[in-house]
Amino acid sequence: MSYPVYSLEDEIAAFFEKTSVTRQTCDNRAKDLVGGAIVPIKIQGFCSYSVYAGPNSEYVVQFRFKSLELKTETTILAKQLYGTLVPEVSFVGQLGDDDIAGKEPLYIYLANRVRGVTHLEFNLAHDRPDNSQENFAWRKTLMGDMARYTILLPPQQIIQIVPTVVVSLRSRGSPLNWSTSPTATA
């Protein structure tokens with residue numbers, strides 16, 4: 001099976017075909033928000049256009065389709081749980097009109113940039129299929145590390161977060177019988 005070669009410019013062009021907003025408008029807005037050079041992130045998602053911005057590229061500005069908005073309450077919860085491992089994300093506004101048929105407006109999000117290796121960069125560097133035994137072992141280690149990190153949080157911080165987690169899970173239709181009491185058993 002042959003796979004097409006990824007092209008950053010093609011992905012960006014495909015994204016902007018679905019919105020009335022231009023790339024230049026987005027780049028200008030990012031520059032207005034935090035200044036500095038505007039550099040597209042090397043791997044773009046299908047539902048967003050994301051750039052590094054700021055004098056030292058210390059911010060990520062993301063322009064997402066309105067229909068696929070980012071739930072900032074989820075990012076707040078992640079920040080509460082994982083601290084500096086998660087960026088501060090804020091909703092900045094909207095570009096484009098709701099009234100243009102077949103073209104979506106964009107929501108704008110601003111986040112501080114968390115430096116490091118992305119999951120995709122890690123996978124590409126190791127050239128292993130996602131379903132390989134080696135990748136399975138790496139994911140298992142990652143999940144264990146995240147669980148250990150969470151366990152090391154001060155108990156008071158976890159107790160304060162539990163009700164928020166429960167509400168978030170319930171709003172997503174979780175079938176589990178979650179209690180808001182950290183000592184209650186299901």
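Every number in this text was worked out from the coordinates using simple rules, so none of it is lab data. Since this is a predicted model, take the numbers as computed values, not measurements. Neighbour counts run over all protein chains shown; Cβ positions are idealised from the backbone, glycine included.
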- Item | Environment charge of Gly96, counting only residues whose C-beta is closer than 12 Å and scoring Lys/Arg +1, Asp/Glu -1 | +1
- Environment charge of Phe122, counting only residues whose C-beta is closer than 15 Å and scoring Lys/Arg +1, Asp/Glu -1: 0
- With a sphere of radius 14 Å drawn around the Cβ of Glu17, what net charge do the other residues whose Cβ falls strictly inside it have (Lys, Arg +1; Asp, Glu -1)? -1
- Message: So if each residue of separation counts as 0.36 nm, and I subtract the Cα-Cα distance between Ala37 and Ala13, what length gain in nm does that give?
- Response: 6.6 nm
